[in-house]
1. Within the group Thr69, Thr28, which residue is touching a residue at least 24 places away in the same chain (Cβ under 8 Å), open to solvent by 60 Å² or more (accessible area, probe 1.4 Å) and among the β-branched types (Val, Ile, Thr)?
2. Could you grab me the full set of residues in the range 83-103 that are in contact with a Gly (Cβ under 7 Å, 6 or more places away or on another chain) and either aliphatic (A, V, I, L, M) or open to solvent by less than 10 Å² (accessible area, probe 1.4 Å) (or both)?
3. Would it be correct to say that Arg19 is touching a Lys or Arg at 6+ places or on another chain (Cβ under 9 Å), assigned to a strand (DSSP E or B), more than 23 Å from Gln1 (Cβ to Cβ) and of a type in the set (Lys, Arg)?
4. Exactly one condition in (1) farther than 11 Å from Val79 by Cα; (2) open to solvent by less than 20 Å² (accessible area, probe 1.4 Å) is not met by Phe47; state its number.
Amino acid sequence: QVQLVESGGGLVQAGGSLRLSCAASGRTFSSYVMGWFRQAPGKEREFVAAITRSGGSSFYADSVKGRFTISRDNAKNTVYLQMSSLKPEDTAVYYCAAARIITIQAMDFDYWGQGTQVTVSS
């Protein structure tokens, strides 16, 4: 079992930056593909970014490509999402998740955090 706890959300002006962190419990963090998803009010949860077990490959939604960077530190059991050039449409609750396979589909992720709110003001 993996427990995930996100942090780093908050209120930021458009064009600003935030870094989200997700701390994982357990000794098997490096065996999981990690992902970030987000859900805005009235919308479905959507994929943001994912990173493979070693961190050698990463994947991004088109809407965040070039602005967001996912990374992980397996020694610290933590995955990060560096968000830059933020836009009001990035406002959402951001969730980290863990999967046993390489995927960007929410249905394939086995463990989820509780989420952290990101609000971007115009």
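The values are calculated or read from the model by the stated rules, or taken from the named source; none is laboratory data. Worth saying up front: this structure is predicted, and the values here are computed from it rather than measured. So basically every Cβ, Gly included, is an ideal-geometry build from the backbone, and we count neighbours across all protein chains shown. What goes into the accessible areas is simple: the full protein's heavy atoms, side chains included, and nothing from ligands, DNA or RNA. Shrake-Rupley method; radii C 1.70, N 1.55, O 1.52, S 1.80 Å.
1. On the way: Thr69 fails: touching a residue at least 24 places away in the same chain (Cβ under 8 Å).
On inspection, the qualifying residue turns out to be Thr28.
2. In the first step, residues of the range 83-103 are kept if they are in contact with a Gly (Cβ under 7 Å, 6 or more places away or on another chain); the result is 85-86, 93-97, 99.
The answer is Leu86, Val93, Tyr94, Cys96, Ala97, Ala99.
3. Values: touching a Lys or Arg at 6+ places or on another chain (Cβ under 9 Å): no; assigned to a strand (DSSP E or B): yes; more than 23 Å from Gln1 (Cβ to Cβ): yes; of a type in the set (Lys, Arg): yes.
Judged against the criteria, Arg19 is not a match.
4. (2)
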